[in-house]
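Heads up: the structure comes next, in structure tokens.
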Amino acid sequence: MRMTRRAALLGAALAIAAAPSARAAGSLTATYMESGTYDAAAKQIAQEFQKEHGVEVKIVAFPWAVLRQNNTTDLITGAGQYQVMSGGYYLADVYENFAPLTDFIKKSDYAKGMIPGLMEPGRSEWYDGQQVGIPFGIDAYGLMVNRDILAKAGVEPKFATWEDVIAACEKVEQAAKDVACLSHSTGNPEQIGAFFFSAYDGPYVTKDGKYALDPGKAAAAAALLPRLWKHLPSGGQALTFDEAERLFADGKAAMLVDWPSFSTKTLDDPAKSKIVGKWTMARFPGAGFPWLSLWQEFVPKSTQDKETAWAWIEAFAGEKNAKRNLVEHGINSVWLSTYQDPDLAKKYQHYWPVMQEGFSRAKNPPLSGEAQDFLTNSLVEVATGQAEAKAAIDKVNTTWAGIPVPKALLGAAAGAGQQAK
């Protein structure tokens, strides 16, 4: 698998290396995920940035997997097409190609007013003692619930474990036979990690710094998946984010497992949702951790004008535009002032307290892109009945034995309690 992925990257590298640089004088190019949120906000801010700084910012957006590959390929080839990149911990294999931002952070006192802890190693991204990533768009996997449907089934939306969710689903499907219990973007295989990371409370890295899961605990967590998948809508094993959200917004599913930033704006829109005022968030279940999404802005070492790149990061990810990015684009803020706004706090009182509690527990697994891909693909096989949980976890551990733990993630694992002692 490692050779196959490397070959694909090198193939893409030839295409990038052959292409002319996207950067022109007085311009920079920044990458974002194609989501209608981050990219939409970036395009809006880019127009204002050009008026203020006289610099054109070209926003290029890709689906998540393509964004990850394009960023990586650009870095390993030194093509320099992108002067600012969006990504996260799964880019740890190539952190050596990012410029340290510590001096910029200190000079501007950038962290002042941010949610405590977000700039620390293990949450933000560091390499060789230097911070290389600037956080924006915090999210933690959430469990949205339809209060009316649960009440009809006599279910209180308090779930300590996924076993509790399964038990609730059985009651829901008895009380409301025309409603599915669970909706989730099953068509995106990487997203299955949300269930596993929250259910599994063991290590990801051994004492001697190798990838490995606790076989018993991991198999038990994986075994929950086919039981949960039984409560998806009929034909619901390949749902897109939009399809999963639509089922919940139309009142056809009792619960939605999703990133809140992807769905809450729609769920509160009377033109798009039939459950306005009827839904809330429940604490994300499990003894593990809610999966953290903490997007980072990076500046490649190949970027010549790092001052302008930093100015763009401040404009996009800084406190100035945080409230607007939330209200207009559904991007959760990393700045305390956003959540302290009394009007916003009142407007979002039906889910903000639970969402913020999720932020406090959320973590990233210390997995490279290759390690995470193999895990989640194996979990999909378990969920869909193609593999038994124990056999799948054994296969993961066997494959992981040949995947090195990136230096940056090894330190993060130790700091986050994800390494065996």
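The values are calculated or read from the model by the stated rules, or taken from the named source; none is laboratory data. The structure displayed is predicted, hence computed values, not measured ones. Positions of Cβ are generated from backbone atoms using ideal geometry, with glycine treated the same way; all protein chains shown enter the neighbour counts. These accessible areas exclude ligands, DNA and RNA; they are computed on the full protein's heavy atoms, side chains included. Shrake-Rupley method; radii C 1.70, N 1.55, O 1.52, S 1.80 Å.
Assorted remarks:
- Stretched out straight at 0.36 nm per residue, the stretch from T102 to A414 would grow longer than its current Cα-Cα span by 110.1 nm.
- Solvent exposure of segment 325-415 as accessible area per residue, Å², 1.4 Å probe: 41 Å²
- Assigned charges on the beta-carbon of Lys, Arg, Asp, Glu; the chain dipole about Cα centre (debye): 380 debye
- Residues in segment 391-398 carry Karplus couplings, in order, of 5, 5, 5, 4, 5, 4, 4, 5 Hz; the curve used is 6.51 cos²θ - 1.76 cosθ + 1.60 with θ = phi - 60°, and Gly or Pro positions show x.
- Environment charge at A46 (Cβ cut-off 9 Å; Lys +1, Arg +1, Asp -1, Glu -1): 0
- Bridge type composition, the chain - antiparallel percent by DSSP, nearest 5: 60 percent
- Element breakdown for segment 261-337 at a 1.4 angstrom probe: carbon and sulfur atoms account for 50% of the accessible area.
- One compactness figure for segment 266-311 is 2.12, namely its Cα radius of gyration divided by 2.2 N^0.38 Å.
- Summing charges over all other residues whose Cβ lies under 13 Å from the Cβ of D178, with Lys and Arg as +1 and Asp and Glu as -1, gives +1.
- Listed values (1) 21.0; (2) 22.2; (3) 24.7, entry calculated as Kirkwood radius over Cα pairs in Å: (2)
- With all protein chains in place and a 1.4 Å probe, the accessible surface of segment 32-182 carries 48 percent carbon and sulfur.
- When the Cα convex hull of segment 81-161 is projected onto planes of every orientation, the mean area is 9.0 nm².
- Net length gained if the chain between R283 and K210 were fully extended (0.36 nm per residue, minus Cα distance): 23.1 nm
- Separation in nanometres of the label points that stand 7 Å from Cα toward Cβ, at S27 and D394: 5.6 nm
- Residues of segment 93-241: accessible area per residue with a 1.4 Å probe, Å²: 42 Å²
- With 0.36 nm allotted per residue and the present C-alpha distance subtracted, the K51-D343 stretch has 102.1 nm of extension available.
- Under conditions of 4 °C and 1.567 mPa s, segment 349-421 yields 90 µm² s⁻¹ as its translational diffusion coefficient, taking Rh as the Kirkwood radius over Cα pairs in the Stokes-Einstein equation.
- Calculated from backbone phi, Karplus (6.51, -1.76, 1.60) coupling profile of segment 230-238 in Hz, x at Gly/Pro: 5, 9, 6, x, 4, x, x, 8, 9
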